[in-house]
Amino acid sequence: KAGVTQTPRYLIKTRGQQVTLSCSPISGHRSVSWYQQTPGQGLQFLFEYFSETQRNKGNFPGRFSGRQFSNSRSEMNVSTLELGDSALYLCASSDSGSGNTIYFGEGSWLTVV
Amino acid sequence: AQSVTQPDIHITVSEGASLELRCNYSYGATPYLFWYVQSPGQGLQLLLKYFSGDTLVQGIKGFEAEFKRSQSSFNLRKPSVHWSDAAEYFCAVVISGGYNKLIFGAGTRLAVHP
């Protein structure tokens, strides 16, 4: 089975722009979650989608949003980028339920200049 | 609030030495427990997990972890460290009813001396 795939791997954006990151979960997995990793704040949960519905959300401003498609692929969007949004964004997938094994992708490195 | 504590930010060991990385969680019930490893510039790789049952769990790359309910701990161990084990290690929990939301510790960076 292919693992969790994230695109793009690296990108540079300017303050005020928006960005969309994509995640393809492991085949058969219906849960996709997103995390932000920064040196200062560590790994923080953004949100989780299951069967196209957001069922859990972290403590991030409304500029951070996501969605999940019927094929379980997910996208996250950050609007009006700030310098502090520079981070590694990690996508994780799991099959249904709670507390199942959670697998991560390689991440998308976002630099905001 | 639920939290995960990894008391050691940096650990340095010699190759061939044993290793123990500490993890404590704050939660009333037993959560689901995970250890992940991250090499520089990479994503997170699952080393092992504990959901229930035998409190000593075996993982990949020769790692094991022991869940101790009385101490709210889930420490990671390896009897003999290899240079390739140098990486950052994260302990994480999923609380009951939390769906698949992982709460991470701050991580422990492991350096291995030859």
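The values are calculated or read from the model by the stated rules, or taken from the named source; none is laboratory data. Computed from a prediction, not measured in an experiment: that's the story for all the values here. Backbone-built Cβ (ideal geometry, glycine too); neighbour counts: all protein chains shown.
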When every residue in region A:17-57 that is under 15 Å from A:R73 (Cβ atoms) and aliphatic (A, V, I, L, M) is compared, the one nearest to the other protein chains (Cβ to nearest Cβ) is A:V32
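One line per residue, one yes/no per condition, for (1) surrounded by 12 or more Cβ atoms within 10 Å (Cβ to Cβ); (2) farther than 30 Å from A:L11 by Cβ; (3) in contact with a Pro (Cβ under 7 Å, 6 or more places away or on another chain):
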site: B:N24; (1), (2), (3): yes, yes, no
site: B:P31; (1), (2), (3): yes, yes, no
site: B:V37; (1), (2), (3): yes, no, no
site: B:D54; (1), (2), (3): no, yes, no
site: B:I60; (1), (2), (3): no, yes, no
site: B:N75; (1), (2), (3): yes, yes, no
site: B:V81; (1), (2), (3): yes, yes, no
**OP:** Using the structure shown, decide if A:G62 is among the small types (G, A, S), modelled with pLDDT under 95, assigned to a loop (DSSP other than H, G, I, E, B) and over 22 Å from B:A92 (Cβ atoms).
**Re:** no
Counting only residues in region B:93-114 that are modelled with pLDDT of 95 or more and within 14 Å of chain A (Cβ to nearest Cβ), the one surrounded by the fewest Cβ atoms within 10 Å (Cβ to Cβ) is identified as B:R109
Practice item. Report yes if A:S74 is farther than 29 Å from B:T108 by Cα and small (G, A, S), otherwise no. Key: yes
Matching residues in region A:99-111 (surrounded by fewer than 18 Cβ atoms within 10 Å (Cβ to Cβ), part of a strand (DSSP E or B) and within 10 Å of chain B (Cβ to nearest Cβ)) number 1
Expected single match for within 13 Å of the chain's Cα centre (by Cα) and within 11 Å of chain A (Cβ to nearest Cβ) among B:V57, B:V37 is B:V37
### Task
Taking A:S79 as the residue in question, decide whether it is surrounded by 19 or more Cβ atoms within 10 Å (Cβ to Cβ), out of contact with any helix residue (DSSP H, G or I) (no Cβ under 6 Å at 6 or more places or on another chain) and of a type in the set (S, T, N, Q).
no
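Residue-wise test of (1) among the aliphatic types (A, V, I, L, M); (2) at pLDDT 95 or above; (3) surrounded by fewer than 22 Cβ atoms within 10 Å (Cβ to Cβ).
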{"residue": "A:L11", "(1), (2), (3)": "yes, yes, yes"}
{"residue": "A:R15", "(1), (2), (3)": "no, yes, yes"}
{"residue": "A:T20", "(1), (2), (3)": "no, yes, yes"}
{"residue": "A:P25", "(1), (2), (3)": "no, yes, no"}
{"residue": "A:W34", "(1), (2), (3)": "no, yes, no"}
{"residue": "A:R55", "(1), (2), (3)": "no, no, yes"}
Condition set within 14 Å of A:T111 (Cα to Cα) and charged (D, E, K, R), scope region A:74-98, selection nearest to the other protein chains (Cβ to nearest Cβ): answer is A:D85
Among the small types (G, A, S), surrounded by 13 or more Cβ atoms within 10 Å (Cβ to Cβ) and in contact with an Asp or Glu (Cβ under 8 Å, 6 or more places away or on another chain): is that true of A:G66 in this structure? yes
Filtering strands (runs of 3 or more DSSP E) wholly in chain B for at least 3 residues that are touching a Cys at 6+ places or on another chain (Cβ under 8 Å) and in contact (Cβ under 8 Å) with a residue 24 or more places away in the chain gives B:32-38, B:73-78
